[in-house]
Structure formats: C-alpha cells, structure tokens
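Trainee: Below is a structure I'd like to ask you about.
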Amino acid sequence: MSTKKLVELAMLTGMGIALHAVEGQIPVPLSLPGAKLGLANSVALATLREFSLKDAITVNLLRTILGGLISGSFLTFGFFLSFSGALASTLFMWLAMDPRLGLSCSGVSVVGAAIHNLAQLTTAMMITREPHIFVYLPYLLLYALPAGLFNGVLADKLGFAIRSIGRWDSNGEQDTERSNTPHGYLPSNSERPRSGKQ
Amino acid sequence: MWCEKGLWLVFKLRKGDRLVIGLVLLVSAFLLISLGGRRKTSYHGLILKVKTADGEQGPYYLASFKEPTKLQFKGPVGTSVLEVSASGVRMLQSDCPDKVCIHMGTISKPGEMIICLPNMVFARLVENE
C-alpha cells in the first residue's frame, strides 16, 4: 500500500467519524428509532467506488470502532447496531455494484441504506429478543429511500473530490491502486464526465 | 476543479435505480399492510408490558391506574420514566441522548409501542384476553 493511498483512506475514515458525530447532533423530526440520514454511508460508498471492497470494509469498521471509542459507546448496544449495519451495508453495496444490475451511485446507496436498516433491526432483535421492533421496518425503509438517494449523490461528489487529489500530484503518474473495483466503474448520477483526468 | 458547476445536485436515475426504488416502496407497502393489522381500542382493557435490560416487567393493567403514575425503569444509559394512566402510556423522561422515545408521544391502542433503543426499554400495549 502506497503512502498516498494510506493517507487517502485515513482521510476518508476521519471524514466518516466526523460526519457520524455531526449527524448525531441533528435532530430527526420523526419519532422513529434509528432513523438517521446516514451520512457516513456516503463515505463508505465513495471508498467502495474509488478503492476496493477490502478498503471500504476497513474504512467503515475503523470508523465505527474509533467513533465508538470517541463517543464512549464502544461495545454498548448502539455500537453493535452501527457495527453490524456498516458491515452488512458495505457488503451488499459491493454486490449491488455489479454492472449487470444497471444501478447508478444513488441506486447502490439506496440498497446500502435499506440493508443497513435491516441489519440493525436484526441485531437489535437478536440482542433484545423483542421481535416486535420489526413493526418499524416499513417506516425505516421509506425513510431510507430519500436518505439513500441523497447519499448517493454525495458519494458521487466525494468521488470527484478524491479523484481530483490525483491531479495535484507532483509526478502526475497514473494511480494504479485506484478504481480497481472488480465490477468496473459505477456510473455517476450527474451529467459531468466520470473521469476527472483530462 | 471538481466543483466548478457548484455542488448542484443534478442527477439522473438509471433503469436499475427505478427498479430498486420500486422494490423498496413495494416491500414497505407490503409490510405496512401485513404488519399494521387492526388498531382498534379493545373492550377488555389494555395491558402494558415492559421489557428492559433486566427482563420482563409487568404486566400493568391500564384500567387499574386511576390517576397518572410514574414508573421508573433502569437501563444501561440511565433511568427511563414512563407515565401510565387509564387512557394511555407515554415516556415522561429518559436519560438517552436522542429522546426519540419522548417524542413518540402517548400510546393508547393495542400493538402500539414506545421504544428507547439506547436505554433498552420496550413498552408495548397488548389487549387483555
């Protein structure tokens, strides 16, 4: 792993922690347990898109562990919820990136948001042994839809930002460690050309 | 720069995206119909069942609460206070950070729940059989 990639992944991890912390301060106008914008999910998607599954899982799990240590919720109930959600959503977003499915960034993000909710509710049910909390699943899914679409666009923009770092390289060499997602490149939602390089 | 057009949220949806959105809407609509069930007030009175980190509490018969009573439940974060009256149950105060449980308001029909995830308090109304 090159130093550059290490720094970029570290930056993404820090971004995820900061977004997660900021998001916790935004009150949700719904009385729905676990309804969140999921801004950190867009960081996971951008990592998945610009790097690989392994890197995305590393960034996302480091994000939950470090975030848990900072906020003091490490190894508590809330930590397990966000840990399982982050792991499952990253895996399923990777699966949804298959070009045969014909999804764009936002579509993959919606899949990630929905799976995040499903995984969290399943974990909550396993810990509390209270199956009735699944009553909230349809409401959470309906909330995941706009949140997922928004995060997809955000991840798209974040990808532009990450790729534009490469253009400031002093040597200007092609970065071989980037964009090696096994399924090929995920199409953007915006009208801008997908490559930042000229 | 990558943001020369501004952070304008233009986006186009592809065919697969529409499918995913449709699927999510379909699943949530199906779950809403199948899980929602009937929500009528019962004739035989209501029972409040509370599940906390320590296990099951109650049952509390709502009809037996002539005046609003405060019930305290201990959880991993702190104390949650439920106010129980003959007409319904609401979360009066809780030590959790997000206060979602307080914003849930009063529940008064069978099947309705008040959940405090951080403090692991699950209050549920069931029909008296």
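The values are calculated or read from the model by the stated rules, or taken from the named source; none is laboratory data. Given the structure is predicted, the values throughout are model-derived calculations rather than measurements. All Cβ positions, glycine included, derive from the backbone under ideal geometry; neighbour counts span all protein chains shown.
Trainee: Of all residues in the stretch A:140-160, count the ones that are out of contact with any Cys (no Cβ under 8 Å at 6 or more places or on another chain) and more than 14 Å from A:V108 (Cβ to Cβ).
Mentor: 5
Trainee: Give the residue that is farthest from A:E8 (Cα to Cα), with candidates limited to residues of the stretch A:18-53 that are touching a Phe, Trp or Tyr at 6+ places or on another chain (Cβ under 9 Å) and among the charged types (D, E, K, R).
Mentor: Residue satisfying both the conditions and the ranking: A:K36.
Trainee: Hey, another quick one. Which pairs have Cβ atoms under 8 Å, sit 6 or more apart or on different chains, and link a residue in the stretch A:83-101 that is crowded, with 18+ Cβ neighbours inside 10 Å to one that is charged (D, E, K, R) and part of a helix (DSSP H, G or I)?
Mentor: Taking only residues 6 or more apart or on different chains, the pairs are A:A86/A:R63; A:M97/A:R49.
Trainee: Something else: Which one of these is part of a helix (DSSP H, G or I), in contact (Cβ under 8 Å) with a residue 40 or more places away in the chain and closer than 24 Å to A:L45 by Cβ: A:I115, A:I127, A:I162?
Mentor: The conditions single out A:I162.
Trainee: Filtering the stretch A:120-149 down to residues that are within 21 Å of A:M97 (Cβ to Cβ) and crowded, with 21+ Cβ neighbours inside 10 Å, which residue is farthest from the other protein chains (Cβ to nearest Cβ)?
Mentor: A:A147
Trainee: While we're on this one: Listed residues A:V59, A:V111, A:V43; which is over 30 Å from B:G105 (Cβ atoms), within 12 Å of another protein chain (Cβ to nearest Cβ) and either crowded, with 21+ Cβ neighbours inside 10 Å or in contact with a strand residue (DSSP E or B) (Cβ under 6 Å, 6 or more places away or on another chain) (or both)?
Mentor: A:V111 is the lone residue from the list that is over 30 Å from B:G105 (Cβ atoms), within 12 Å of another protein chain (Cβ to nearest Cβ) and either crowded, with 21+ Cβ neighbours inside 10 Å or in contact with a strand residue (DSSP E or B) (Cβ under 6 Å, 6 or more places away or on another chain) (or both).
Trainee: Run B:L23 past the list (1) assigned to a loop (DSSP other than H, G, I, E, B); (2) at pLDDT 80 or above and report the number of the one that doesn't hold.
Mentor: (1)
Trainee: Could you give me the residue pairs with C-beta distances under 7 Å whose first residue belongs to the stretch A:141-157 and is of a type in the set (K, R), whose second residue is buried (at least 24 other Cβ atoms within 10 Å of the Cβ) and in a helix (DSSP H, G or I) wherever it lies, and which are 6+ apart or on separate chains?
Mentor: As it stands, the answer is none, since no pair meets every condition given.
Trainee: May I pose another question? Hey, can you tell me all the residues within the stretch B:59-112 that are within 14 Å of chain A (Cβ to nearest Cβ) and among the small types (G, A, S)?
Mentor: B:G75, B:G78, B:S80, B:S94, B:G105, B:G111
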